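*Asks:* Here it is, the structure in full.
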Amino acid sequence: MHKCYQPLKPATNRFLQQRWDQTRYEDHRCKVREAKPVVDTKGIQTPVHIQHKLKKVQLQEERMSIIERDNHLLASRLAAITRSKGLVDHRNHYPQYSLNAQKRKEKLLQVTHENQEIYHRIITQKSDYRRELWEEDWEKVKRRRDDIARYPREVTNKQKPTKVVKFSGGAFGWSQRSSSGVEDDSGETTEEELQPAT
């Protein structure tokens with residue numbers, strides 16, 4: 001790097017001249033950083049008594065003390081009122097009386113009577129729909145549906161449990177069927193297998 005360095009003045013050794021120039025430059029920059037201004041441009045330091053504002057703090061404490069004293073007086077007065085019954089008998093012991101109570105009772109009786117009449121008319125009125133015909137039509141539809149269906153819609157006797165086995169935990173249904181699923185003429189199945197009913 002020293003070979004390409006070009007000093008301001010001619011020098012016999014460029015390496016040493018570069019080091020000397022760099023040292024003088026660093027000293028100059030250090031002096032510039034540490035130099036102090038001749039003119040003092042700093043502001044005036046604020047006094048301590050202005051920073052803390054003791055007068056404002058004092059006024060706030062006095063205001064809080066007045067508020068606490070007033071609250072204490074009000075609380076003591078309220079406690080005295082609640083403990084004593086008072087000097088004036090201002091309690092009303094007579095029952096409340098409504099000016100339109102009779103009118104409201106008559107209106108309620110009238111509405112109740114009208115509702116009973118409407119309910120009686122609704123009950124005595126015969127229905128315009130023939131429920132018996134609907135039930136007959138529904139039975140016909142169920143029979144036709146069962147005739148058309150490939151599998152029965154209700155549970156057959158073979159699917160119902162034929163034997164009940166009781167355990168300590170409860171009773172469960174079991175069906176006795178043969179391996180071929182065909183019963184003998186005597187009504188007993190051969191090669192009984194206990195299978196749980198599903």
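*Asks:* Multiply the residue gap between residue 137 and residue 72 by 0.36 nm, knock off their C-alpha separation, and tell me the result in nm, one decimal place.
*Replies:* Gain on extension, residue 137 to residue 72, equals 14.6 nm.
*Asks:* Per-residue HN-Hα couplings for segment 100-108, Karplus 6.51 cos²θ - 1.76 cosθ + 1.60 at θ = phi - 60°, whole Hz, x for Gly and Pro?
*Replies:* Result, ordered by residue: 10, 5, 5, 5, 5, 5, 5, 5, 5 Hz.
*Asks:* On to the next question. Give me the extension gain from residue 26 to residue 80: residue separation times 0.36 nm, minus the current Cα-Cα distance, reported in nm with one decimal.
*Replies:* The span from residue 26 to residue 80 would gain 10.9 nm if fully extended.
FYI, it's all coordinate maths here, none of it is from the lab. Since the model is a prediction, treat every value here as computed from it, not as a measurement.
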